[in-house]
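Working notes, structure below.
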Amino acid sequence: MIKQPVLKTFTDSYLYRNADYSKGIFDYIMTSEVIDKDSDSFSDILYQVKIRQTNPVLMKVLQSDKIVLCIGKKPMPRPFKVFRAANVRKSNKEKKVYIDCTDIIVTDGGLYKCKNIAILLSYIIDAMSYVLYFEVPNKVIMNNALTQAGTEAFVDMMLYVMGYMKVPVTYSDNKEKIAYVVATYYQRCILCKQDSNTISQMARKISKLDQRKCEYLDIAFNELYGDKPFVTINEFIEKFAQEFLNQQPGTRNPNKLTIDLFMERWMYAFGPGTYLGLEFFPAFAAMLTDCYVGGFVNQQNTIEKIVGSNVAQFTNTLLDIGSDNA
């Protein structure tokens, strides 16, 4: 029997807890208008999705009762255009995936009209990622092609940001070492993979780092991971700075690498709605799938330039998983 993984939710995320969005999500669910997807007034949008979708699974996801489309009194913050939460309007509080359509769907003459179908398609794929990750997690976590494409993309994006923060990426074999620890973090703490052997194998493959040096880094970071299923991004950045910048916790240095500075640079590079992608798989997946659709939800040109062909590889693999399981 395949062991069920320990999955990270919003409440496990340092970045989510630090911002404390729980009340905002609760208020949004309680007060927003739920769109009746089965009504004739929604048929025009269904048709637009049908003719624009890149894969038939998108219509299936849109029409699923697992997905709730809402128009709020005000838009949700950018990181929460799509989110998974308990339906607090119902007594059973069943988990649903909500899509905030406040900015993109309006009513006109009793009919729903979509102002930007590309963004809606992006949100539908994002919703599919939530459904797959939480309902059939092993189909996502154990898919080798998806793991490799996602890990490579995350490594490239992290190296890009660190290069701008004066981390000595190009010194000696630092690039390979950083790639190894970042690839390990992605698999353990974003994807939530638990097999340490396969995690190490994939990290070595992507980083091309000598096995002896990989083993040294495993020992160095074992203090961080220990027996925990995953760690938060602030814990990782603190340990990373200690290992690569000789930056000791608690020291006062105006040039020190901190989680706040790193987040600021990440959002500047990739968009203000992307920071949960540093800790949470559906949010990271959205960064790549949104590029594939072409709705320019985030800094699409920068992400595509850095990630390259892994945008398509990751998204197509995820869509294939969705076709059989969403």
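The values are calculated or read from the model by the stated rules, or taken from the named source; none is laboratory data. Please read these numbers as outputs of a predicted model, since none were measured by experiment. Here the Cβ is made from the backbone with ideal geometry for all residues, glycine too, and neighbour counts use every protein chain on show.
Can you tell me which residue within the stretch 138-160, out of those that are under 14 Å from the mean Cα position of the chain (by Cα) and closer than 16 Å to N325 by Cβ, is surrounded by the most Cβ atoms within 10 Å (Cβ to Cβ)? So, considering only residues that are under 14 Å from the mean Cα position of the chain (by Cα) and closer than 16 Å to N325 by Cβ, the one surrounded by the most Cβ atoms within 10 Å (Cβ to Cβ) is V140. Among the conditions (1) surrounded by fewer than 21 Cβ atoms within 10 Å (Cβ to Cβ); (2) within 25 Å of P137 (Cβ to Cβ), the only one that I199 does not satisfy is (1).
For the stretch 35-55, the set of residues classified as loosely packed, with under 13 Cβ neighbours inside 10 Å and among the aliphatic types (A, V, I, L, M) consists of I51 only. Residues that are at pLDDT 90 or above, surrounded by 14 or more Cβ atoms within 10 Å (Cβ to Cβ) and outside any helix (DSSP H, G or I) do occur in the stretch 229-239.
When the stretch 270-314 is limited to residues that are part of a helix (DSSP H, G or I) and of a type in the set (D, E), the one that is farthest from Y14 (Cα to Cα) turns out to be E304.
Taking the stretch 98-124 as the range and being assigned to a loop (DSSP other than H, G, I, E, B) and either out of contact with any helix residue (DSSP H, G or I) (no Cβ under 7 Å at 6 or more places or on another chain) or not small (G, A, S) (or both) as the test, the residues that pass are C101, T102, D103, I104, G109, K115, N116.
Quick grid of which residues meet (1) loosely packed, with under 13 Cβ neighbours inside 10 Å; (2) assigned by TED's automatic domain parsing to the domain that holds P75; (3) in contact (Cβ under 8 Å) with a residue 40 or more places away in the chain:
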| residue | (1), (2), (3) |
| --- | --- |
| K23 | yes, yes, no |
| I29 | no, yes, yes |
| E33 | no, yes, no |
| V57 | no, yes, yes |
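Hey, can you tell me all the residues within the stretch 129-187 that are among the aromatic types (F, W, Y), in a helix (DSSP H, G or I) and farther than 20 Å from E279 by Cα? Matches in the stretch 129-187: Y164 only. Assigned by TED's automatic domain parsing to the domain that holds N143 and within 21 Å of E152 (Cα to Cα): does that describe A220? Considered against the rule, which asks whether it is assigned by TED's automatic domain parsing to the domain that holds N143 and within 21 Å of E152 (Cα to Cα), A220 comes out as no. Here the stretch 273-299 is the region considered, the condition is being touching an Asp or Glu at 6+ places or on another chain (Cβ under 7 Å) and free of Cβ contacts under 8 Å to residues at least 60 places away in the same chain, and the residue that is surrounded by the most Cβ atoms within 10 Å (Cβ to Cβ) is C291.
Pairs meeting the criteria (first residue in the stretch 245-259 and modelled with pLDDT of 75 or more, second residue of a type in the set (K, R), beta carbons under 7 Å, at least 6 apart or on different chains) are Q247/K256.
Residues of the stretch 143-174 that are more than 18 Å from M287 (Cβ to Cβ), modelled with pLDDT under 95 and either outside the structural domain of N197 (by TED's automatic domain parsing) or not aromatic (F, W, Y) (or both): G163, M165, K166, V167, P168, V169, T170, S172, D173, N174.
Whenever a residue of the stretch 60-76 is assigned by TED's automatic domain parsing to the domain that holds F42 and without any contact (Cβ under 8 Å) to a residue 24 or more places away in the chain, it has no partner that is assigned to a helix (DSSP H, G or I) and surrounded by fewer than 16 Cβ atoms within 10 Å (Cβ to Cβ) lying with C-beta atoms less than 6 angstrom away and at least six residues away or across chains.
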